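Worksheet for the structure shown next.
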Amino acid sequence: MDFLQILGLTIGQLFSPFTIAYILCALGLAVHFGYTGLMNFGQAAFAALGAYGFSIAALTLGWDWWACVLVGICASVLFAFLLGIPTLRLRADYLAIVTIAAAQALKYALQASDFASVTGGSAGLHGFAEGFFALNPIPVGRYDLGFETISEREMFITIVGWILVAVVAVFMVALTKSPWGRVLKGIREDEDAVRSLGKSVFAMKMQALIIGGVIASLGGMIFVISPENNDPSTWGTNFTFMIWTVLLLGGAATIFGPIVGGMSFFALLMLTEGVMTGLVNLGFLPFLNVAQVAQIRYLLVGLALMLLVIFKPQGFFGNKRETLVNAR
Amino acid sequence: MRDEIALGAIAPGCAKVDPILVVDNVTRKFGGLTAVDVAHVEIPRGRITALIGPNGAGKTTFFNLLTGFDKPDTGKWVFDGKDLAGVAPHKVARLGMVRTFQLTKSLNLMTVIENMKLGALGQRGEGFWAALVRPIWKSQENAITAKADELLKRFKLDAKREDYAGELSGGQRKLLEMARALMSDPRLVMLDEPMAGVNPALTQSLLEHIKQLKNNGASVLFVEHDMHMVRNISDWVIVMAEGKIVAEGPPAVVMKDQAVIDAYLGAHADTDLGTVEIKSIKADK
Amino acid sequence: MATPVVEATNLHAGYLPGINILNGCSLIANQGELIGIIGPNGAGKSTLLKAIFGQVNIRDGRIKLNGEDITGLKANKLVEKGVAFVPQTNNVFPSLTIEENLEMGVFQNPKRFNERFEFVTTIFPDLEKRRNQKAGSLSGGERQMVAMGRALMIDPSVLLLDEPSAGLSPVRQDEAFLRVREVNKAGVTVIMVEQNARRCLQICDRAYVLDQGKDAHTGTGRELLADPKMVELYLGNLAEL
C-alpha cells in the first residue's frame, strides 16, 4: 500500500474544486436551513441550474463567460420563485416535499432526449469552459505541489474557487450579523412571533431561498468547469444528501461549518477509500473487491449522516445550547 | 377625577368619547361553533381596558382577528381611522397595534437582547441590500440597543441579557415578550394574559409599567383572569361570554353585576377559601 | 413520630447538564397534609414536583416515600408505589370518555376499577353524571377535574398537583381550590405547586416558599399569609388594595 500516494490524494482532496463545489452548495444550504429553517431537499437542482445555465449559454448562445455566469444565476433565481411562491406560505414539510420532487423532475428533464440538442441529453455537455479558461494568467504546464501535480487549468479553477468561497463567506458573515440576519433567525423559530413584530415573513423567506440557491448555483458552475464536463447523472439525490451531510458535519447554522465540514468530509472519504483499496489489494479484506470499495463510500455517508443527527446534531462548530434549549 | 369614557349611557357595545379602535359586526365560526360574534365595541383611547370572561369566551380569537392573525367571516374594524380588515399581521403591527400571545412566543434560540432588538421597527438593516452596507444601519442599531437595555432594566431582565430566552423561566419569558412588544412604541398594546405565570410580587411592578404606557399616551387592551389586577389598573372593563360582549363599564360597576359574578367571578371572590365549609366525605380506606 | 409520606432531603436537580435548578431543596409531607409550594418564577417549583415524580435528573440528595428510598426511580415505578401526578397541561386523553380516562388511572390494577370509581365519584359526582362524554369536549376547569379524578383512581399515597388553577377564570379557580380541599379532606395527602399564592396559602396546612432552588421559607399557610416579609417578597399587596 502506497501511503504516500494515499496521503497525497487525501491532501489534494482538501482543496480540490470538487470539494469547493460542495462547500458552496453547503453554504447555500446553510442559508436555507441553518439560518432560516427552510427544509430544502433539492439543493442539487439549484447547482444543476447553475451548471446548465452556464454551459448552455456558452455552447448554444456563445456568450462571454460572465454572461454565462449571470444566466446560471438567473436560472436559479427563477427556480427559487417557482418553488417559493406556492410553498413558502405553507408548513415547512411542504417545501421539503416540493423540493425533492422538483429536483427529480429537473434532473429527468435535463437527461431527456427531447431537449438533447440544448442540454446534451444523457450524454451531457462539454467544451463550454473555453471562455473561462481564456482568462487564465497561469502559464501552460504542470506544477508539482509535493502531494500532487496539477495543470495550469486545475490551478486556476482551484484559486478562483477558493476566492469565491472567501467572498461568499464574507458576504454571509455580513448578512448574518446584520439586522436582516436577526429577523431570519427569528423566522427559523417562530414565524408568528416575527409577524407580530412587524416583519414580512414571506418576503424574507423568499430572499433566503434565492440567496441560498444562487450560492449553490455558483457551486454547480465550479463543479462542471473543473473537469470541463457536465454530466446530468451528477445532479441526483446523492448529490443533495452529500451536501446535507457536509452541512450537518460542520454545523448547520455556521459559516465555518460547511467549509471545514466539506474539507474534512471529502478528505476522510478519500483516505478511507485509499486505505480500503490498499487493504483489498493486499488481501486483508477478502470479502471485498476494488470496485465495491467505491460503493461503500455511499454506505459510509449514510451511516455518518445518521450518527451525526443522533449524537451530534450541532456538528463541529454548531452551538450546543441552541439544540438543547427546548429541554423543558 | 376621571373623565367620561362612554358617550352616553353605559351598555354593551356603547360608543366612546374618543375611541382608538371601533369594531363592527365581527364574526368567526369554526365549523358549527360561533367563536366570536361581536356586534359593536369601541376601545377608548389613552385608557387601560380589561377584557375578561370565561375560558372559551372568544377573547384570544378576538385578538387574533383584530391583529390579522386570523380571518373573520364578517366584520370591519377601524384603528385610528385606518380600516384594518384584511390587513396582514405584520402590517398591523407596523401601524401601531401590537399584541402578545397567550402561550408566550419568546424566541428561545435567540438571546434576550436579540429578542429585544428584533422588536424595533424601521431598522433599515432589515432590508436585504441595506444589510450588506454596515454604515447604513449601524447608528440605528446602537440606538435600538440602548433602548432595549433600558427596557430590560425596567423589567428587571438586564442580568439575563446574554442568556438564551429558552433558559429563562416561564414568567421571565412573559416579561420578555411584553418588553419586546414595547420596543416599537405601539399606540395600542394588546396583552393576552400578561400576568399568567408571573410571580405576584413582580406583578405589582409590571402594573406600574402598564400604567406608564398610559402616561406615555398609549392605549392598552389586556385579557386577564386576575381580578385584583383588573380592579387595580383598568379604567374600563369589557366582559365577553360565548363570543359576545355581555357587559362593559367601569370596573367597580361591572364586577358587581350579578350575571358577571355568576358566570365568571364566583361568589367567593373576596372570601378566604380556607374558611369555606367543605362537605364531609367518608374516606373509604 | 409517624414516617412522613414524602421526605425530600437536600435535592440538587436540573434538566440541562451542568445547570441545577434545585440547589439543596428539602420538603416533608405528613399523612393527610395539604402542602403548598409557592415562589417566584424560575425558583424551581415545578422542578421540585417533577423530581418527586422521577422526571428530572437528581444529582444529589434523597427522596423517601413512606420511608422507602425512591431517588432515581422512573415515573412508572413511582405510580406503582402510589405517587399520582396531575400535570398542568395535556392532562386528559381528549378522544376518550371521562369513564375511559378514569379507567386509564387503574390500568396497572384494573380489578380495582369499581371500588375506586365509587370513591372518586363521591368526591366529584359530575364525573359519574357525564361519564360517557368525551374529555376533549370539556372546558379547562372540567378537564382539570377529570385529571385529578384519574390520579385519584390509583389510590395514591400522595397526589402531586402542578398549578391546578392555571388558565382558569376566577370562579373556576375557586372551584378547583375547593376541590383540592375536598380531596384532602377525604384523606389524600396533597402536594400542590401554585402561582396563585394567596389562594394556595388559604387552603393548605403547611407551605414551602421556594427561591432560587432552595426552600427559603416554610410555615403554616396562615403564618405565611400574615408574615409581612412574605407579602413584600412573594405575595404582593394587590389583594389588600
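Determine the shape class of the stretch B:29-107: with a ≥ b ≥ c the square roots of the Cα gyration tensor eigenvalues, call it rounded for a/c under 1.5, and otherwise prolate if a/b is greater than b/c, oblate otherwise.
It is rounded, given that a/c, with a ≥ b ≥ c, falls under 1.5.
Kirkwood Rh, Cα Rg: Rg to Rh for chain B?
Radius of gyration over Kirkwood radius for chain B works out to 1.01.
What ratio of Cα Rg to 2.2 N^0.38 Å holds for the stretch A:3-322?
Taking N as the residue count of the stretch A:3-322, the ratio is 1.01.
How big is the protein assembly as shown by the Kirkwood estimate over distinct Cα pairs, in Å?
After inverting the mean inverse Cα-Cα distance, the result is 30.9 Å.
Go through A:Leu184, A:Val301, A:His126 and say which Cα lies farthest out towards the positive end of the charge dipole of the stretch A:3-322; charges sit on Cβ, +1 for Lys and Arg, -1 for Asp and Glu.
Projecting each Cα onto the dipole axis, the largest value belongs to A:Leu184.
Is it possible to state the helix-based mean residue ellipticity at 222 nm for chain C, with each DSSP H run of 4+ residues giving -39500 (n - 2.57), the sum divided by total residues, to the nearest 500 deg cm²/dmol? What is it?
Taken over chain C, the calculation gives -9500 deg cm²/dmol.
Using the Karplus curve 6.51 cos²θ - 1.76 cosθ + 1.60 with θ = phi - 60°, work out ³J(HN,Hα) for each residue of the stretch A:132-144 in order, rounded to whole Hz, and write x for Gly and Pro.
Residue by residue, the stretch A:132-144 yields 5, 6, 4, 7, 5, x, 6, x, 4, x, 10, 10, 8 Hz.
Just grab the label-to-label distance for B:Phe30 and B:Glu4, each label 7 Å out from Cα along the Cβ direction, in nm (one decimal).
Placing both labels 7 Å along Cα→Cβ, they lie 4.0 nm apart.
Kindly list the residues of the stretch A:49-77 that lie in the label zone of A:Ile163, defined by a backbone N under 16 Å from the point 7 Å along the Cα-to-C-beta vector.
Counting only backbone N, you get A:65-67, A:69.
In debye, nearest 20, what is the charge dipole magnitude of the stretch A:3-322 about its Cα centre with +1 on Lys and Arg Cβ and -1 on Asp and Glu Cβ, if you could check?
So the dipole magnitude of the stretch A:3-322 works out to roughly 1020 debye.
Order of A:Met206, B:Met116 from fewest to most other C-beta atoms within 10 Å?
With the fewest neighbours first, A:Met206, B:Met116 line up as A:Met206, B:Met116.
Out of the chymotrypsin sites (Phe, Trp or Tyr not before Pro) in the stretch C:101-193, which ones are loop residues according to DSSP with at most 16 other C-beta atoms within 10 Å?
Passing sites in the stretch C:101-193 are C:Phe107.
Using a Förster distance of 60 Å, how high is the FRET efficiency between B:Asn216 and A:Thr149, based on the Cβ-Cβ distance and rounded to 0.05?
0.25
Any idea which of B:Gly32, B:Gln140, B:Val254 is furthest toward the positive side of the dipole for chain B, if Lys and Arg beta-carbons carry +1 and Asp and Glu beta-carbons -1?
B:Gln140
Take peptides A:227-234, C:36-43 and line them up by average Cβ neighbours within 10 Å, highest first, as a rough protection proxy.
Descending packing order for the listed peptides: C:36-43, A:227-234.
For chain C, what is the charge dipole size about the Cα centre, in debye to the nearest 20, if Lys and Arg each add +1 at the Cβ and Asp and Glu each add -1 at the Cβ?
380 debye
Taking θ = phi - 60°, what integer Hz values does the Karplus form 6.51 cos²θ - 1.76 cosθ + 1.60 yield along the stretch B:60-71, in sequence order, with x for Gly and Pro?
In residue order, the calculated couplings are 5, 4, 4, 4, 4, 5, 5, 9, x, 7, 8, 9 Hz.
Under 5 Å between amide H atoms, partner at least 5 residues away or on a different chain: which partners does B:His40 have, H built in plane at 1.01 Å?
Here the answer is B:Asn25, since their amide H atoms fall under 5 Å of that of B:His40.
Using a basic spin-label model with each label point 7 Å from the Cα along Cα→Cβ, how many nm lie between B:Arg134 and B:His209?
3.2 nm
Using the membrane-span-like helix rule (whole DSSP H runs, Cα extent along the own axis of at least 30 Å, mean Kyte-Doolittle hydropathy at least -1.0), which helices of chain A qualify?
The qualifying helices are A:65-87, A:152-176, A:201-225, A:256-282, A:290-311.
How large is ³J(HN,Hα) for each residue in the stretch C:11-20, as worked out from phi by the Karplus curve 6.51 cos²θ - 1.76 cosθ + 1.60 (θ = phi - 60°), to whole Hz, x for Gly and Pro?
3J(HN,Hα) across the stretch C:11-20, in whole Hz: 6, 10, 8, x, 9, 8, x, x, 10, 9.
For the protein assembly as shown, give the magnitude of the charge dipole about the Cα centre (Cβ charges: +1 Lys/Arg, -1 Asp/Glu; no others), in debye to the nearest 20.
Charge dipole, the protein assembly as shown, about its Cα centre: 380 debye, nearest 20.
If amide hydrogens are placed 1.01 Å from N in the peptide plane, which non-local residues have theirs closer than 5 Å to the one on C:Asn57?
C:Gly14
Dipole of the stretch A:193-328 (Lys/Arg Cβ +1, Asp/Glu Cβ -1, origin at the Cα centre): which of A:Ala267, A:Leu285, A:Gly213 lies farthest to the positive side?
A:Gly213
Taking each residue in C:159-172, count the Cβ atoms of any other chain within 10 Å of its Cβ, then average. What number comes out?
Mean shielding count: 4.
Can you classify chain C as rounded, prolate or oblate using the Cα gyration tensor, where a ≥ b ≥ c are the square roots of its eigenvalues, rounded means a/c under 1.5, and otherwise it's prolate if a/b beats b/c and oblate if not?
Verdict is oblate for chain C.
When each pair of different Cα atoms in the stretch C:12-103 is counted once in the 1/r mean, what is the Kirkwood radius in angstroms, to one decimal?
14.8 Å is the Kirkwood radius here.
For A:Asp64 and A:Asn281, what does the FRET efficiency come to when R0 = 45 Å and r is the distance between their Cβ atoms, rounded to the nearest 0.05?
0.40
Give the calculated FRET efficiency between A:Phe115 and A:Phe256 to the nearest 0.05, with a Förster radius of 51 Å applied to their Cβ-Cβ distance.
0.80
Kindly provide the helix-only [θ] at 222 nm of chain B, computed as the sum of -39,500 (n - 2.57) over DSSP H runs of four or more divided by all residues, to the nearest 500 deg cm²/dmol?
Result for chain B: -8500 deg cm²/dmol, rounded to the nearest 500.
Could you order the peptides A:239-251, B:167-179 from most to least packed, using the average number of other C-beta atoms within 10 Å per residue?
Highest mean packing first, the order is A:239-251, B:167-179.
Under 5 Å between amide hydrogens, which residues at least 5 positions from C:Thr97 or on another chain qualify, with H placed 1.01 Å from N in the peptide plane?
Correct list: C:Ala135.
Calculate the mean, over all residues of peptide B:128-138, of how many other protein chain Cβ atoms lie within 10 angstrom of the residue's Cβ.
Taking all residues of B:128-138 together, the mean is 4.
Suppose only helical runs count, i.e. DSSP H with n ≥ 4. What mean residue ellipticity at 222 nm does that imply for chain A under -39500 (n - 2.57) per run, divided by all residues and rounded to the nearest 500 deg cm²/dmol?
-22500 deg cm²/dmol
What ranking, highest mean first, results for peptides C:27-33, B:73-79 when packing means the other Cβ atoms within 10 Å averaged over each residue?
C:27-33, B:73-79
Could you compute the net charge surrounding C:Leu49? Neighbours are other residues with a C-beta less than 12 Å from the C-beta of C:Leu49; K and R count +1, D and E count -1.
Charge balance near C:Leu49 sits at -1.
Going by alpha carbons, how many degrees (0 to 90, nearest 10) lie between the helix axis of B:170-181 and the longest principal axis of chain B?
Helix B:170-181 and the main axis of chain B meet at about 60 degrees.
Given a cut-off of under 8 Å on Cα pairs at least six residues apart, what relative contact order in percent is computed for the stretch B:1-122?
20 percent
Just check the stretch B:107-167 against the gyration tensor rule for me: Cα atoms, a ≥ b ≥ c as the square roots of the eigenvalues, rounded for a/c under 1.5, and otherwise prolate or oblate depending on whether a/b exceeds b/c.
In terms of gyration-tensor shape, prolate.
How shielded is B:87-94 by partner chains, expressed as the average number of their Cβ atoms within 10 Å of its Cβ atoms?
Shielding by partners across B:87-94 averages 5.
In degrees from 0 to 90, rounded to the nearest 10, what is the angle of the helix C:170-185 Cα long axis to the longest principal axis of chain C?
With rounding to tens, the tilt is 90 degrees.
Quick note: the coordinates plus some simple rules give every number you see, no bench work behind them. Just so it is clear, the structure is predicted and the values come from calculations on it, not from any experiment. Neighbour counts run over all protein chains shown; Cβ positions are idealised from the backbone, glycine included.
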